[in-house]
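What follows is a single structure, written as structure tokens, with notes after it.
The values are calculated or read from the model by the stated rules, or taken from the named source; none is laboratory data. Owing to the predicted nature of the structure, the values given are computational and were not obtained by experimental measurement. Backbone-built Cβ (ideal geometry, glycine too); neighbour counts: all protein chains shown.
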Amino acid sequence: MQLRLTLVAAFAAIALAAPPAYPSEIYEAPQLANITTTEPSAVEIAEPLVSKRGETAGTTWCEHSMHTKPCVRLDFEAAKCYNLARYWNDKMSSIFPTSRTDRCIVYENTNCKGKRLTVSWPGINRLADRGMNDKVSSIECFKYMAS
């Protein structure tokens with residue numbers, strides 16, 4: 001009897017400790033923004049400090065602060081604006097560039113418009129501290145060329 005109760009308790013604990021299942025939408029890639037404008041982007045204004053187009057810059061972002069899952073890691077073509085996938089729109093709470101030379105600018109609105117925040121390595125654990133928690137809709141990443 002005691003063995004049966006012990007086994008039932010052990011199996012219940014294992015079942016409750018199972019990792020949560022996340023929807024497949026978290027891995028949906030952001031879409032390249034269809035922007036036709038003559039205004040220079042924030043990256044183009046800083047041209048002497050950024051890499052050439054065609055290079056990639058990577059970042060990881062998470063739905064919760066402190067790098068708490070679900071998270072996704074993506075590489076972006078440098079100096080191009082990407083609108084976040086539907087799942088991630090207004091859900092980002094922490095963000096971490098992949099390397100010391102990667103920089104990203106996150107924007108409150110799609111097409112890299114509205115309030116913006118530049119993120120450099122090692123990243124930001126709590127976007128709430130910067131007034132951007134659950135507000136990011138688009139992103140633009142680039143390589144920083146140290147002088």
Going through the range 64-120 one residue at a time, which ones are more than 16 Å from Gly131 (Cα to Cα), in contact with a Gly (Cβ under 6 Å, 6 or more places away or on another chain) and without any contact (Cβ under 8 Å) to a residue 40 or more places away in the chain?
Asp75, Phe96
Is there a residue being touching a Leu at 6+ places or on another chain (Cβ under 9 Å) and over 18 Å from Glu25 (Cα atoms) anywhere in the range 81-90?
yes
Matching residues in the range 114-136 - criterion: being assigned to a loop (DSSP other than H, G, I, E, B) and surrounded by fewer than 21 Cβ atoms within 10 Å (Cβ to Cβ):
Trp121, Pro122, Gly123, Asn125, Arg126, Gly131, Asn133, Asp134
Pick out the one residue from Lys143, Lys69 that is surrounded by fewer than 16 Cβ atoms within 10 Å (Cβ to Cβ) and farther than 14 Å from Pro30 by Cα.
Lys69
Hits in the range 75-92 - residues which are crowded, with 18+ Cβ neighbours inside 10 Å and over 16 Å from Tyr144 (Cα atoms)
Cys81, Tyr82, Asn83, Leu84, Trp88, Lys91, Met92
Anything in the range 58-92 that is within 22 Å of Ala33 (Cβ to Cβ), of a type in the set (Ser, Thr, Tyr) and part of a loop (DSSP other than H, G, I, E, B)? List them, or say none.
Tyr87
Could you look through the range 96-147, keep only residues that are among the aliphatic types (A, V, I, L, M) and farther than 21 Å from Met66 by Cβ, and pick out the one that is modelled with the highest pLDDT?
Ile105
